[in-house]
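Read-outs throughout are calculated quantities, based only on the coordinates presented, and are distinct from any laboratory measurement. Quick caveat: nothing in here was measured; it's all calculated off a predicted structure. Cβ coordinates were reconstructed from backbone atoms using ideal geometry, including for glycine residues, and neighbour counts include every protein chain displayed.
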Amino acid sequence: MASTTRTAVSPFLDPGPRTKANSLAILQLSRDNLQPVYLQSPTGVHDGYAEGAVVNTRYGSFPHSTMLNVPWGSQIRASKVDTGSRGRKRKRGSGDDACREATGASEKDNEDSAAAANEDSAAGVKQAVADSSGFIHILPPTPELWTTSLPHRTQVVYTPDYSYILHRIRARPGSVLIEAGAGSGSFTHASVRAVYNGYPSEGQRKGKVFSFEFHEQRYHKMKKELSDHGLGGLVHLTHRDVYNGGFLVDGKSPEAEAIFLDLPAPWEALPHLSRRRPQSSTSADEQTEWVSPLNPKKSAYICTFSPCIEQVTRTVSAMRRLGWVDIDMIEIANRKLHTSRERVGLNLNFDRGVNNSARDVEEALTRLADIEARFREHAAKPRDGDEDMDSGDEDAVPAGKSSGPTNGSDGPSAEETSSGVPPWMEGRLITRGEPEIKTHTSYLVFAILPWSGRGG
């Protein structure tokens with residue numbers, strides 16, 4: 001019986017309960033400010049820091065040692081890090097000037113630097129001391145968080161778009177998906193999670209993504225990212241111009257049933273996504289056997305991502321000509337909803353965010369009636385000649401309204417207000433949408449190529 005080698009699961013698929021070294025983590029500085037970082041084991045001085053590798057943010061410095069082996073979602077306190085000695089050269093003696101003029105001066109400097117590094121490493125890592133400058137949260141990597149924090153190389157397919165796309169093209173565990181235009185890898189990470197049902201093994205068909213990228217530099221960067229994220233066995237990345245080269249992999253069909261094209265001219269790639277030889281093939285191509293990249297036993301579902309309506313019209317025309325059916329165009333305009341409570345009223349505590357004015361006409365009239373009754377009561381009181389005209393006003397309390405808390409007096413408890421409503425439930429619930437879309441979007445064209453029934 002052949003032995004199988006267990007492959008380490010990507011942190012995007014199973015991050016485990018705690019953080020670990022040599023793995024990707026997402027640092028949440030604020031709601032919309034995320035930073036990816038590869039956690040490193042503290043092995044000695046790193047970049048001048050005695051605490052090892054350090055992440056510097058506006059909320060303070062965070063050594064990697066404080067972020068290792070902690071549960072995901074933990075709050076990480078900033079640490080006091082000595083940055084004063086970073087970049088400074090070691091002091092030299094009086095004889096160093098003569099050595100500098102000698103032939104072997106540069107070699108001696110290199111030896112001194114190596115010796116100093118070895119001494120620092122042997123001294124161990126300095127224990128991090130907590131600081132009060134701020135904190136962050138450490139989160140496991142997910143396609144959604146990676147989309148927000150990834151380095152942008154091209155236009156990014158954001159979460160509202162790719163979640164709907166994967167639903168419409170029926171990407172599910174075990175599916176084989178073709179992606180053309182990998183770009184920054186946002187859709188690639190999301191599609192891998194959608195089709196994942198285990199790492200591939202000999203003799204078993206598993207879910208996989210066949211991605212194609214035309215730009216050579218983006219191809220190499222994407223290749224390295226997939227390897228670092230543990231997705232190399234689930235994504236087959238190819239450097240190719242699919243307009244001319246098509247979608248075969250080493251001359252074989254990937255047998256895909258889901259396709260996503262993020263291309264400037266998707267209509268030029270559509271002839272290669274056919275069950276029979278395109279009519280535009282040359283005579284040299286006609287002499288070879290036609291191999292379709294589609295699954296011969298299932299219908300194929302496709303989505304194209306185009307920012308211009310002119311691209312949509314040309315794509316739809318090509319789809320109709322090639323036999324695609326159920327053609328549909330969608331635009332997703334996603335806006336966040338901001339929910340808060342409008343705390344307006346005369347009977348609310350004088351807390352932060354409270355508007356102590358009348359919330360409606362009835363409350364305003366009641367307040368005016370209380371003031372009028374207080375004025376009449378004050379005018380009807382007998383007065384002594386020596387009594388201050390303003391005395392006693394501070395003790396008067398409007399009818400139906402209790403006096404507010406003062407220093408040294410017992411006010412309403414923190415758990416409950418005078419009206420018996422918890423503070424977090426006071427006020428009217430308000431929901432406001434974003435005035436404009438902060439992320440770009442495109443037109444999504446969906447279509448289906450039916451199963452011909454001729455597959456073997």
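Here are the numbers:
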| read-out | value |
| --- | --- |
| Full-stretch length increase - Y38, K297 - with 0.36 nm per residue and alpha-carbon distance subtracted | 89.0 nm |
| At 0.692 mPa s and 37 °C, Stokes D of the range 168-290 from Kirkwood alpha-carbon radius, µm² per second | 217 µm²/s |
| Per-residue ³J(HN,Hα) for the range 248-264, Karplus 6.51 cos²θ - 1.76 cosθ + 1.60, θ = phi - 60°, Hz, x for Gly and Pro | 6, 10, 6, x, 10, 7, x, 6, 8, 10, 9, 9, 10, 10, 10, 10, x |
| Cα-based Rg of the range 143-198 normalised by 2.2 N^0.38 Å, two decimals | 1.07 |
| Cβ crowding within 10 Å averaged over residues, with 177-185, 367-375 ranked highest first | 177-185, 367-375 |
| Pair Q279, V421: separation of 7 Å Cα→Cβ label points (nm) | 7.0 nm |
| Net +/- balance of residues flanking V70 in space, Cβ distance below 14 Å, scoring K and R +1, D and E -1 | +3 |
| Sites V325 and Y164, calculated FRET efficiency, Cβ-Cβ separation with R0 25 Å, nearest 0.05 | 0.80 |
| Added length on full extension, which subtracts the Cα-Cα distance from 0.36 nm per residue, N56 to N197 | 47.0 nm |
| Relative contact order for the range 139-280, counting Cα pairs under 8 Å that sit 6 or more residues apart, in percent | 25 percent |
| Restraint check, K221/K298; K20/K252; K252/K298, Cα-Cα greater than 28 Å | K221/K298; K20/K252 |
| Separation of the K336 and R153 label points, Cα + 7 Å toward Cβ, nm | 2.7 nm |
| Equivalent ellipsoid semi-axes, the range 121-221, via Cα gyration tensor eigenvalues times 5, rooted, Å | 34, 19, 17 |
